[in-house]
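Read the structure below first, then the notes.
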Amino acid sequence: MLTYWKHLLQSFSASHQLSRRLLTYILACSTVLALISTLFQLSWDYSQGMNETKSRLNEIESTHLTAIAASVWNMDNEQLSLQLKGLQQLPDMQAATVYERIDSHLLERMQVGQTSGLHVLKQRFPLSYEGYVVGELEVSLTLEPIYQRLWQKSLVILITQTLKTLLVSCFILLIFYHQLIRHLHKITGFLQHLDVSAPPQPITLERRPPASSDELDAIVNSINEMQRRHADDWQAQQSFADNLQQEHAINKELNEKLEQKVVARTQSLENSHHELQKAYDDLKNTQKALIESEKMASLGALVAGMAHELNTPLGISMTASRFLTSRLKDLVATPGPAESEEHNGWHGQLAAIQESTELMQQQTRKALDLLNNFQQIAITHSGQQPSRFNVAETLHQIIISQGHRLNQQHCHVSIQCEPTLEIQSYLSAFTRVCNHLIQNSLDHGFEHCNRPRSITIQISHEQGQVRLDYHDNGQGIDPEILPHIFEPFVTSRREQGFSGLGGYIIYNQVVQLLNGQIKCQNNSGNGVHFRIEIPQFI
């Protein structure tokens, strides 16, 4: 028996890796199963404990809130104290606090007990009396008993599971050793000391003959048969091994070439996929831009046509109102033959008519100015030729032309542009776009801005495209207006006389005339950001 156990212990030496792996796997699997069962048990116990705690809270809500609310409403501090002390007697209850609602504030009315420990569950319940919320009740329940029970139970489960795992593993390993491992060790030792040049020696296992042949018998018979045939087939096997090695080298070379081809073909397919995806995205963006451009162009042509048709009658009305105003001024200035009530009444009527005529002239002038803005919407290339101009110099000239208004509003403008950058485009359209951007910042962006005001214009160019990034640090654009900023008549200050055509004119100039794109967004901190991209050479 001692010899048996000695062989069993020797089977776990460094030279017998199979036995060590079996023991390791058995212990690992048993340990994992023990931990999983322990976790499930602890999870179930924790869930039960929490359910009991929640049921206790539900009991408080269903049985105590109404009485406590009545005590708060009736200002019965003695009854309230008894009720809170009764709550404190509940299992796991640490503290109970009543807060009374005065106006919109919650003030502490009474508290019993103290909250202590890390594992505390707090819950607040509203106190209502006859439809009025009179305050809140806060209760604190300790979870320490639950965690303590879980800790004690986990220790017991782990100790018992560990002992059971060790015992089961030892018995399983003992069975494995008796039925399999010791025979494998003998077979391994026989094969390690096998001499090919010596006569074949059959191997036998020390065990009771089984009722029928099993896998070990098949292995022993195969080894004995192998020994008998090995001597005769040695040379053939050597030749076969050499041929096999050559074929393996050839196959390895072919596999490497095949892998290289697969990698190259995969990379080619990925590149084609990326190109197709990019082309598809570009097509969608182009389609969207064309639809938007056609919509804006059609609407612009309609508005500009109406403005052209209305310009003539409004011009005639303006001329007539000026003539009528001039004649009324002469009549009012002419002295009468005598001072009388009839004469004074006549002059009063003339003065009223003159005031109405001047008001009509003022409104007609305002309508003509609006029509002039409408006429800027229709973008045509007739009468305009692209010219080559320096971007930095043009921007500086625009800033000089806006200098009076910029100084009035104490606004600083920063231009970041290469001094030698030139583009060939429509100078008037480029100037009009920049002027409208600055005017929009002065009229709208800085309306309620108390911090130092600044505008930044950044110009960059790459691959034949010029990008203009316009930033200001104003109040930004209303999120409800931002998606429609480039549509006509969109403004937040219509009552102050603004028509809401600035963004629409900018869009038409950039898209229709400069062949570019424009986007607008609010900055993350404050202000607005316009990004314009146009071709460097038209």
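The values are calculated or read from the model by the stated rules, or taken from the named source; none is laboratory data. In this text the structure is predicted, and so the values were computed from the model without any measurement. Glycine also receives a Cβ, built like all others from the backbone with ideal geometry; neighbour counts cover every protein chain displayed.
With respect to ASP472, determine if the residue is without any contact (Cβ under 8 Å) to a residue 60 or more places away in the chain, assigned by TED's automatic domain parsing to the domain that holds ASN526 and within 29 Å of PRO535 (Cα to Cα). So ASP472 passes the test. The set of residues from segment 422-443 being without any contact (Cβ under 8 Å) to a residue 60 or more places away in the chain and under 38 Å from the mean Cα position of the chain (by Cα) comprises CYS434, ASN435, ILE438, LEU442, ASP443.
Just checking, does segment 40-56 include any residue being crowded, with 17+ Cβ neighbours inside 10 Å, hydroxyl-bearing (Ser, Thr, Tyr) and within 46 Å of the chain's Cα centre (by Cα)? Taking every residue of segment 40-56 in turn, at least one turns out to be crowded, with 17+ Cβ neighbours inside 10 Å, hydroxyl-bearing (Ser, Thr, Tyr) and within 46 Å of the chain's Cα centre (by Cα).
Among the residues of segment 91-112, those that are modelled with pLDDT under 80 and of a type outside the set (Asp, Glu) comprise GLN94, SER104. Screening LEU65 against (1) free of Cβ contacts under 8 Å to residues at least 60 places away in the same chain; (2) closer than 17 Å to VAL139 by Cα leaves a single unmet condition, (1). One residue alone among LEU127, LEU137, LEU143 is touching a residue at least 12 places away in the same chain (Cβ under 8 Å), more than 18 Å from LEU65 (Cα to Cα), crowded, with 17+ Cβ neighbours inside 10 Å and among the hydrophobic types (A, V, I, L, M, F, W, C), and that residue is LEU143.
When ASN523 is tested against (1) loosely packed, with under 15 Cβ neighbours inside 10 Å; (2) in contact with a strand residue (DSSP E or B) (Cβ under 7 Å, 6 or more places away or on another chain); (3) at pLDDT 90 or above, just one condition goes unmet, and that condition is (3). Taken over segment 133-153, the residue count meeting the criterion of being within 10 Å of HIS119 (Cα to Cα) and either among the acidic types (Asp, Glu) or outside the structural domain of LEU118 (by TED's automatic domain parsing) (or both) is 1. ASP478 - would you say it is within 15 Å of ASN523 (Cβ to Cβ) and in contact with a Lys or Arg (Cβ under 8 Å, 6 or more places away or on another chain)? No; evaluated as a whole, the condition is false for this residue. Take residues that are crowded, with 17+ Cβ neighbours inside 10 Å and tell me which of the helices (runs of 4 or more DSSP H) falling wholly in segment 385-470 contain 2 or more. So the answer is 391-401, 427-440. Evaluation of ALA70 against the conditions (1) modelled with pLDDT of 80 or more; (2) under 30 Å from LEU163 (Cβ atoms) shows that the sole unmet condition is (2). Remark: pairs (first residue in segment 96-118, assigned by TED's automatic domain parsing to the domain that holds GLU144 and surrounded by fewer than 17 Cβ atoms within 10 Å (Cβ to Cβ); second residue acidic (Asp, Glu) and assigned to a strand (DSSP E or B); Cβ separation under 6 Å; 6+ apart in sequence or on different chains) = LEU107/GLU100.
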